[in-house]
Amino acid sequence: MNKKQQAFALVFSCVVSTAIGAADKPPTLYWMSVTTGMGGGLGGMGAPAMPNMSEMIMGGLLGGSADSGQPGAGSSQRSILLQLSAPNINNDPKADHLIPPGQKMGESLPLLTPKPGKQYKSADEQQEPEKPKGRMQIYWGCGDKIRVGQPKTIDFATASMDDYRRFFRTIGVNHPRGPRPANGWTYAQWPNEQDHQAVPQGSALVGRHEIKANYAPAIHFDVPTQNDFMAPVNFTEFKGNLPDSVAFKWDAIANAVGYFAMAMGNKGADETIIWVSSETPHMGWSLMDFLPTPEVHRLIKSHVVMSPNTTTCQVPKGIFPGDGAFLQFIAYGPDLNVSHPPRPAKPPKGWQPEWVAKVRVKSTQSSILGESGQPKMGGEGAVENAPKREKAIDPVKALKGIFGF
């Protein structure tokens with residue numbers, strides 16, 4: 001082999017080694033979780049820990065984001081959760097998200113890596129688990145009458161493990177794992193203890209977004225109009241009072257890809273009742289958060305999620321007692337998925353990009369159902385303007401101990 005051949009072989013081996021090394025390295029992940037309505041951001045809580053079971057259930061039942069660990073607050077607002085994770089370690093990590101002018105939040109948002117011991121912990125993490133007690137019933141389907149075969153019931157005092165498995169068995173829902181703290185990775189997020197400014201009502205995400213970090217490749221993508229903040233869920237009509245049937249309507253949201261509703265109430269001190277809009281039995285709370293667009297389409301075909309053409313539903317008569325129930329509603333928006341290099345139509349075996357970015361959007365709203373708690377029509381003030389009830393529903397307390405939290 002002459003010198004020219006040796007030099008070529010050396011260069012070729014370096015190129016191959018670099019390509020193999022890049023292929024072996026997982027891609028950097030960046031997610032924007034965009035919420036109109038309740039939940040989805042951290043507010044002034046600072047950097048959070050991973051959510052515990054009570055926070056995830058609270059997020060599911062009350063419209064918060066399972067990733068943020070924060071429940072909804074009962075009013076329509078805009079919130080963003082930004083999360084970055086990269087397979088690198090940097091002793092002095094720095095990252096910023098450069099935003100378009102229309103977002104009205106300055107030139108950039110700092111992505112902060114949580115410091116040990118600084119994570120937000122909920123009060124529920126300090127509480128001792130309670131032994132499950134009482135009963136739980138689940139009903140499903142829109143309509144004026146309870147359907148044959150309902151409800152599914154479990155008595156926690158006598159239930160066996162097989163009873164638990166049968167009762168909580170449901171259609172699986174795909175929740176992809178997004179950026180999060182992990183060994184060998186650097187994680188950062190906004191909002192955080194350095195910057196947790198509120199998102200202005202007139203804010204718009206449309207335009208160029210760039211993420212620059214000293215431990216990750218540069219990320220850049222454009223957010224189109226369809227992936228901007230969704231319109232608020234606007235209930236236009238509630239007809240009927242509990243324990244009779246209650247029909248409700250809402251305005252269609254232009255970029256919604258599907259809808260889901262659930263309601264929860266108590267009967268006495270030890271009985272929890274859940275109703276879901278699904279045509280098949282489903283516990284509901286795993287659907288009260290962001291879902292990938294293909295997953296929403298699949299669940300519509302399975303009659304679990306309502307189609308985007310649906311604008312009315314009815315809670316059947318006789319499910320909830322007259323003291324009311326808490327209705328939670330979600331509109332799923334379309335995902336934006338971007339990568340570098342762009343994903344080929346038919347990616348070869350082992351292909352993976354340098355980075356992957358996702359923008360996911362949802363809009364949520366809630367209302368009190370019942371004679372003493374009919375909401376004021378119109379999405380944003382529905383809950384805030386509802387008459388006060390003597391006894392508020394506490395869904396986390398009702399479910400405490402079922403899952404060992």
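The values are calculated or read from the model by the stated rules, or taken from the named source; none is laboratory data. Every value quoted in this text rests on a predicted model; they were computed, and no experiment measured them. Don't worry about glycine lacking a Cβ; one is built from the backbone with ideal geometry, like all the others, and counts go over all protein chains shown.
One table, with the values for the structure above:
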{"read-out": "Given (1) surrounded by fewer than 21 Cβ atoms within 10 Å (Cβ to Cβ); (2) part of a loop (DSSP other than H, G, I, E, B), index of the condition residue 237 fails", "value": "(2)"}
{"read-out": "Among (1) modelled with pLDDT of 90 or more; (2) surrounded by fewer than 17 Cβ atoms within 10 Å (Cβ to Cβ) - the single one residue 177 does not satisfy", "value": "(1)"}
{"read-out": "Hits in segment 212-234 (condition: assigned to a loop (DSSP other than H, G, I, E, B), under 22 Å from the mean Cα position of the chain (by Cα) and of a type in the set (A, V, I, L, M))", "value": "230, 231, 233"}
{"read-out": "Subset of segment 329-362 (residues that are modelled with pLDDT under 95 and either buried (at least 16 other Cβ atoms within 10 Å of the Cβ) or among the aliphatic types (A, V, I, L, M) (or both))", "value": "345"}
{"read-out": "Single match in 253, 219 (criterion: surrounded by 15 or more Cβ atoms within 10 Å (Cβ to Cβ) and either under 30 Å from residue 113 (Cβ atoms) or of a type in the set (Ser, Thr, Tyr) (or both))", "value": "219"}
{"read-out": "For residue 209: the one exception among (1) in a loop (DSSP other than H, G, I, E, B); (2) at pLDDT 95 or above", "value": "(1)"}
{"read-out": "Residue that is farthest from residue 240 (Cα to Cα) [pool: residues in segment 120-155 that are in a loop (DSSP other than H, G, I, E, B), modelled with pLDDT of 85 or more and touching a Phe, Trp or Tyr at 6+ places or on another chain (Cβ under 9 Å)]", "value": "134"}
{"read-out": "Count of residues meeting criterion [surrounded by 23 or more Cβ atoms within 10 Å (Cβ to Cβ), under 17 Å from residue 362 (Cβ atoms) and either of a type in the set (Gly, Ala, Ser) or at pLDDT below 95 (or both)] in segment 305-326", "value": "0"}
{"read-out": "Count of segment 78-91 residues which are surrounded by fewer than 20 Cβ atoms within 10 Å (Cβ to Cβ) and either at pLDDT below 95 or among the aromatic types (Phe, Trp, Tyr) (or both)", "value": "4"}
